[in-house]
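A short write-up of the structure that comes next.
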Amino acid sequence: MSRARNRKKKKGGCSKGLFTFFLLLLVTAVLIFSGAVSNLKNYIEKQMYPLEYKEEILLAAAKYDFEPEFLCAVIHTESKFRAQAQSSAGAAGLMQLMPETFAEIADRKGEERTREDMLIPEISIDYGAYYLRHLADSFDYKDIYTACAAYNAGAGNVNRWLTDTQYSHDGVSLYTTPYKETTNYIERIKTAQDMYQKLYFDQ
């Protein structure tokens with residue numbers, strides 16, 4: 001009688017041990033799968049929001065007092081980090097500056113530049129950041145996204161919008177614009193800035 005009980009106890013103990021083993025195996029598999037999914041998500045996001053020319057971006061960010069993720073977002077929105085990008089309107093380079101704007105910046109900086117220089121990454125980044133800082137400071141834009149609106153649509157338009165309560169509540173920043181392209185442009189920069197901070201600068 002006692003032997004039978006012992007056999008039953010042994011059998012029950014073995015079943016419990018197997019259950020624990022398989023439970024641990026399942027938990028391990030779930031953790032590995034979760035990590036794989038997280039790594040895959042991170043990989044896909046970095047493909048969608050690539051980061052190149054990091055040293056040049058960090059240099060320009062420090063030089064012109066911008067967060068590096070903000071400059072990354074502008075570059076991503078303007079050219080998707082394609083250094084040779086050129087628009088039908090004539091804008092070129094990573095920061096998609098127009099030739100006349102590029103020439104004006106070169107003149108302000110006392111540098112001799114050619115149109116070919118617009119496609120050189122470090123020059124495009126530096127000139128684009130310079131121009132954003134110039135817009136922000138010259139027109140006293142407290143909000144960097146208002147400077148972005150001017151970068152996209154021109155300071156003259158932005159200054160008019162700031163006096164219109166349809167687009168600005170305080171005369172200092174814009175909450176929307178009459179140009180769908182410009183409104184979407186600002187939203188894309190904000191989204192990209194969040195992504196670049198999370199993927200590359202949120203240490």
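The values are calculated or read from the model by the stated rules, or taken from the named source; none is laboratory data. None of these values were measured; they are calculated from a predicted model. Cβ placement follows ideal geometry from the backbone for every residue including glycine, while neighbour counts extend to all protein chains displayed.
List the helices (runs of 4 or more DSSP H) that sit entirely inside segment 1-97 and contain at least 1 residues that are at pLDDT 75 or above, over 22 Å from Glu187 (Cα atoms) and more than 33 Å from the chain's Cα centre (by Cα).
It comes to 2-48.
Only one of Asp140, Asp164 is modelled with pLDDT under 95 and surrounded by fewer than 18 Cβ atoms within 10 Å (Cβ to Cβ). Can you tell me which?
Asp140
If you scan segment 38-62, which residues turn out to be farther than 20 Å from Ile125 by Cα and of a type in the set (Val, Ile, Thr)?
Once the filter is applied, which keeps residues that are farther than 20 Å from Ile125 by Cα and of a type in the set (Val, Ile, Thr), segment 38-62 yields only Ile44.
Only residues that are in contact with a helix residue (DSSP H, G or I) (Cβ under 9 Å, 6 or more places away or on another chain) and of a type in the set (D, E, K, R): list them for segment 138-175, please.
Lys142, Asp143, Asp170
Part of a helix (DSSP H, G or I), crowded, with 16+ Cβ neighbours inside 10 Å, touching a Ser or Thr at 6+ places or on another chain (Cβ under 7 Å) and at pLDDT 95 or above, is that true of Tyr145?
It is false that Tyr145 is part of a helix (DSSP H, G or I), crowded, with 16+ Cβ neighbours inside 10 Å, touching a Ser or Thr at 6+ places or on another chain (Cβ under 7 Å) and at pLDDT 95 or above.
Could you tell me which numbered condition Met118 fails, if it satisfies all but one of (1) assigned to a helix (DSSP H, G or I); (2) under 20 Å from the mean Cα position of the chain (by Cα); (3) crowded, with 19+ Cβ neighbours inside 10 Å?
(2)
Are there any pairs, at least 6 apart or on different chains, whose C-beta atoms fall under 8 Å, with the first in segment 76-96 and among the acidic types (Asp, Glu) and the second assigned to a helix (DSSP H, G or I), and if so, which?
Taking only residues 6 or more apart or on different chains, the pairs are Glu78/Gly128.
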